[in-house]
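Undergrad: Before I ask anything, let me first share the structure, which is written out below as structure tokens.
FYI, it's all coordinate maths here, none of it is from the lab. All figures in this text were calculated on a predicted structure; none of them were measured in a lab. FYI the Cβ positions are ideal-geometry reconstructions off the backbone, even for glycines, and counts take in every protein chain you see.
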Amino acid sequence: MKITKLTSVVLVTAALTATVLSGVAFADDKGHDHAKADSMKGMAMADADMTNAEVRKVDKDAKKITLKHEAIKSLDMPGMTMVFQVKDAKLLDKAQAGDKIKFKVISEGGAYVVTDIQPAK
Ligand SMILES: [Cu+2]
């Protein structure tokens, strides 16, 4: 009688402990996954409008830059080498032939205009 009662208490305690532990472990895992997914999503979004490219030629007088660029998702354009207009000639101060950069481009009045240039890390 006494032994049975003790055994059942031990079993219940063990079952509860297991439930609590697995619950904590599960919640912890989920929390990490969620945070990771969120931060990856945030990074992807921050990068979504910037495109990697290598500078081929800079023409400050004409406000033009030749870039060998990767696919530009926002314009649905595959990777290629082409000439872009730049919004502001000052952007070209940051770029020299051979530089690896990230750039932002918009379609404006039928022309592709680079609006931002950042050095690629
Ligand atoms: Cu292109």
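Undergrad: ALA71 versus LYS57, label points 7 Å from Cα toward the beta carbon: distance in nm?
TA: Between ALA71 and LYS57, the simple spin-label model gives 2.8 nm.
Undergrad: Moving to a separate point now. Would you mind ranking GLU108, GLU70 by Cβ crowding within 10 Å, fewest neighbours first?
TA: Details: GLU108 11, GLU70 15.
So the ranking, lowest neighbour count to highest, is GLU108, GLU70.
Undergrad: When the Karplus curve 6.51 cos²θ - 1.76 cosθ + 1.60 is applied with θ = phi - 60°, which whole-Hz ³J(HN,Hα) does each residue of the range 87-99 get, with x for Gly and Pro?
TA: After applying 6.51 cos²θ - 1.76 cosθ + 1.60, I find 4, 9, 4, 4, 4, 6, 5, 8, 10, 9, 3, x, 5 Hz.
Undergrad: Enumerate the amide H contacts of VAL105 below 5 Å, restricted to partners 5 or more residues apart or on another chain; note that Pro and chain-start residues carry no placed amide H.
TA: For VAL105, the qualifying residues are THR115.
Undergrad: Starting from the amide H of ASP99, placed 1.01 Å from N in the peptide plane, find each other amide H under 5 Å away whose residue is 5 or more places distant or on another chain.
TA: Close amide H contacts, sequence-distant or interchain: VAL55.
Undergrad: Can you sort VAL55, VAL105 from fewest to most other Cβ atoms within 10 Å of each residue's own Cβ? Intermediate values should be presented prior to the final figure.
TA: Values: VAL55 21, VAL105 25.
Going from sparsest to densest Cβ surroundings: VAL55, VAL105.
Undergrad: Next up: If we count other beta carbons within 10 Å of each Cβ, what is the order of LYS102, LYS60, LYS121, fewest first?
TA: Details: LYS102 18, LYS60 14, LYS121 5.
Listing LYS102, LYS60, LYS121 from fewest to most nearby Cβ atoms yields LYS121, LYS60, LYS102.
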